[in-house]
1. For the stretch 63-70, indicate whether the set of residues that are in contact with a strand residue (DSSP E or B) (Cβ under 9 Å, 6 or more places away or on another chain), more than 30 Å from Ser156 (Cβ to Cβ) and part of a helix (DSSP H, G or I) is non-empty.
2. If you take the residues of the stretch 261-271 that are in contact with an Asp or Glu (Cβ under 9 Å, 6 or more places away or on another chain) and either aliphatic (A, V, I, L, M) or assigned to a loop (DSSP other than H, G, I, E, B) (or both), which of them is surrounded by the most Cβ atoms within 10 Å (Cβ to Cβ)?
3. With the requirement that a residue be closer than 24 Å to Lys6 by Cα, of a type outside the set (A, V, I, L, M, F, W, C) and either assigned to a helix (DSSP H, G or I) or under 19 Å from the mean Cα position of the chain (by Cα) (or both), what does the stretch 72-112 give you?
4. Name the residues in the stretch 113-135 that are in a helix (DSSP H, G or I) and either open to solvent by less than 60 Å² (accessible area, probe 1.4 Å) or not small (Gly, Ala, Ser) (or both), would you?
5. Restricting attention to the stretch 114-165, which residues are farther than 30 Å from Met278 by Cα and of a type in the set (D, E, K, R)?
6. Name every residue in the stretch 272-307 that is surrounded by fewer than 19 Cβ atoms within 10 Å (Cβ to Cβ) and either of a type in the set (S, T, N, Q) or not in a helix (DSSP H, G or I) (or both), in order of residue number.
7. Does Leu287 qualify as being of a type in the set (A, V, I, L, M) and in contact with a Gly (Cβ under 6 Å, 6 or more places away or on another chain)?
Amino acid sequence: MPHSQKHVAVLMGGLSAEREVSLNSGKACAKALEEQGYRITPIEVDQDIARVLQAVRPDIAFNALHGPGGEDGTIQGLLEILRIPYTHSGVLASALAMNKEKAKHVMRAAGVPVPGGVVVSRTEAASRHVLPPPYVIKPVSEGSSVGVIIVREDRSHPPQELGREDWPFGEEVMVEPFIAGRELTCAVMGDKALGVIDIRPASGGFYDYDAKYAEGGSIHVLPAQLSPNIYQRVQESALTAHQALGCRGVSRADLRYDDTPGGSGALVVLEVNTQPGMTVTSLVPELAAHAGFSFGELVRWMVEDASLNR
């Protein structure tokens, strides 16, 4: 079927903490796909999504959801049952990558460098320092830096917000040593690693939710100013992680590289995002543009790649 006749449902919104980011991603992708000649139905995902999809009957679903429900294998399983081809990774890779601790085991077994750390209950992490500061506390299954807490060296007690009754990010948390140095990211498109971005928060602080999504929140250095062998190691790590987790389509690996004076020189993969952001400030469209793909060409590639996985 010529791509201009394909009917694409763009799934966005959802019920997670990343709803607003997903709406921005979905609207940008729907507009670009329409300009590429596809017939588009934007769908804000709610609990009646199965009924809506059966009524819409798209040829392909463009998954622009982020976070639990959209990135963890749940919507992917529904699309499998409805026999609707969809963009990005399948059920297993999505569920695996979303659970940061399980993903670390798989990546480590494939030779991908990952940080150390432990998984503990949030009450234990609130009651004592489970690692020597500085360290990072993060939910096991959230994205976009949602719920991430950095415990600095000068912090005498662990973060008390972990003990709140209304803590929304699950009963278990991951605690990892804080790795100084640079925040790097590298996207994989099909079987090829794209370039490497060095992300520098404009405030000079942590690359948090606001730095990720606010206009001007971070400075992206592309290509990252790294020695050629480190640049290549980043690309190889991103591609190996993508393949080890069983990802398909587009993914994005986030890494830390300790190039501080007297530092360890460590390069580690923090996580792989199977549903990377597709907003105007997002990293994957920027990396694709650096590789010669316009935003329209990128989303068209994603839809056509999904149609091969029928």
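The values are calculated or read from the model by the stated rules, or taken from the named source; none is laboratory data. The model shown is predicted, which means the values in this text are computed figures rather than measured ones. When we count neighbours, we look across all protein chains shown, and the Cβ atoms used for this are built from the backbone with ideal geometry, even at glycine. SASA here: full protein model, heavy atoms, side chains in, ligands and nucleic acids out. Shrake-Rupley method; radii C 1.70, N 1.55, O 1.52, S 1.80 Å.
1. Within the stretch 63-70, none of the residues are in contact with a strand residue (DSSP E or B) (Cβ under 9 Å, 6 or more places away or on another chain), more than 30 Å from Ser156 (Cβ to Cβ) and part of a helix (DSSP H, G or I).
2. Step one: of the stretch 261-271, the residues in contact with an Asp or Glu (Cβ under 9 Å, 6 or more places away or on another chain) are 264-271.
Filter once more, so that each one left must be either aliphatic (A, V, I, L, M) or assigned to a loop (DSSP other than H, G, I, E, B) (or both): 264-270.
On the way: Ser264: 14, Gly265: 11, Ala266: 16, Leu267: 20, Val268: 21, Val269: 24, Leu270: 19.
Going through the qualifying residues, I end up with Val269.
3. If the condition is that a residue be closer than 24 Å to Lys6 by Cα, of a type outside the set (A, V, I, L, M, F, W, C) and either assigned to a helix (DSSP H, G or I) or under 19 Å from the mean Cα position of the chain (by Cα) (or both), then Gln76, Gly77, Glu80, Tyr86, Thr87, His88, Ser89, Gly90 are the ones that fit.
4. Correct list: Arg122, Thr123, Glu124, Ala125, Ala126.
5. If the condition is that a residue be farther than 30 Å from Met278 by Cα and of a type in the set (D, E, K, R), then Arg122, Glu124, Arg128, Arg152, Glu153, Asp154, Arg155, Glu161, Arg164, Glu165 are the ones that fit.
6. Passing the criteria: Val280, Thr281, Ala291, Gly292, Phe293, Ser294, Ser307.
7. Values: of a type in the set (A, V, I, L, M): yes; in contact with a Gly (Cβ under 6 Å, 6 or more places away or on another chain): yes.
Yes, satisfied.
Yes/no per residue for (1) in contact with a strand residue (DSSP E or B) (Cβ under 9 Å, 6 or more places away or on another chain); (2) at pLDDT below 95; (3) open to solvent by 20 Å² or more (accessible area, probe 1.4 Å):
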position: Ala187; (1), (2), (3): yes, no, no
position: Asp191; (1), (2), (3): no, yes, yes
position: Gly195; (1), (2), (3): yes, no, no
position: Ala211; (1), (2), (3): yes, yes, no
position: Ile230; (1), (2), (3): yes, no, no
position: Ser237; (1), (2), (3): yes, no, no
position: Val250; (1), (2), (3): yes, no, no
